[in-house]
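The values are calculated or read from the model by the stated rules, or taken from the named source; none is laboratory data. Just so we're clear, the structure is a prediction, and the values are computed from it rather than from any experiment. Backbone-built Cβ (ideal geometry, glycine too); neighbour counts: all protein chains shown. Please note that ligands, DNA and RNA were not included when accessible areas were found on the heavy atoms of the full protein model with its side chains. Shrake-Rupley method; radii C 1.70, N 1.55, O 1.52, S 1.80 Å.
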Amino acid sequence: MTDRLKIRVLAPGAREKFESWIATRGGVQIWNNVNLSDPGAGPIFTPAMTGDHPTEKPRWSHERGEVVTDINRFEFVKAWKEIKRFRVAIRMGSQGTMLKLTDGSSAKVRKFEESHPGAYYRFDYETQECVFETPEME
């Protein structure tokens, strides 16, 4: 039997919920992202069963994957550690309905991302900063 790769769960505190779903709701249903416009969105996790029926699809952008009933298949983030924060410039998108990073800010984010494998970033909208963090695993 070959070892499977662990399924990484990036939401702190998810272990207890997953253990409950495995014990009472038929396991953890993995929903795989199929949205080609947002390939980094990642999977969604739900209980496998809602009442007597399989849980319905949570979003149009995800398709049903496997049901996992072994908690050891997962690795969980305990906390996030901030490693870098820097200001980014934004502009209006071409349709006028979205805010986007300027080319210079996009290049800055990509450069830092490439030099720090395994780091994730998010935007702090109040301070207009890009925040890079690394996961601390359980």
| message | Take the conditions at pLDDT 95 or above, of a type in the set (Ser, Thr, Tyr) and in contact with a Gly (Cβ under 9 Å, 6 or more places away or on another chain) and apply them to residue 69. Does it pass? | response | yes
| remark: Expected output for the range 116-131 (first residue open to solvent by 70 Å² or more (accessible area, probe 1.4 Å), partner not in a strand (DSSP E or B), Cβ below 8 Å, 6+ apart or cross-chain) is 120/10; 121/109; 121/112; 121/113
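What are the residues in the range 71-105 that are out of contact with any strand residue (DSSP E or B) (no Cβ under 8 Å at 6 or more places or on another chain), free of Cβ contacts under 8 Å to residues at least 24 places away in the same chain and of a type outside the set (Ser, Thr, Tyr), if any? I'd like the intermediate steps shown before the answer.
First, the residues of the range 71-105 that are out of contact with any strand residue (DSSP E or B) (no Cβ under 8 Å at 6 or more places or on another chain): 71-72, 94-97, 103-104.
Then keep just the ones that are free of Cβ contacts under 8 Å to residues at least 24 places away in the same chain; that gives 72, 94-97, 103-104.
Matches in the range 71-105: 72, 95, 96, 103, 104.
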| So which residues in the range 104-125 are under 13 Å from residue 82 (Cβ atoms) and among the charged types (D, E, K, R)? | 122, 124
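Of the residues 40, 93, 51, which is closer than 27 Å to residue 138 by Cα and not basic (Lys, Arg)? Please lay out each step first, then the result.
Values: 93 fails: closer than 27 Å to residue 138 by Cα; 51 fails: closer than 27 Å to residue 138 by Cα.
Testing whether each residue is closer than 27 Å to residue 138 by Cα and not basic (Lys, Arg) leaves just 40.
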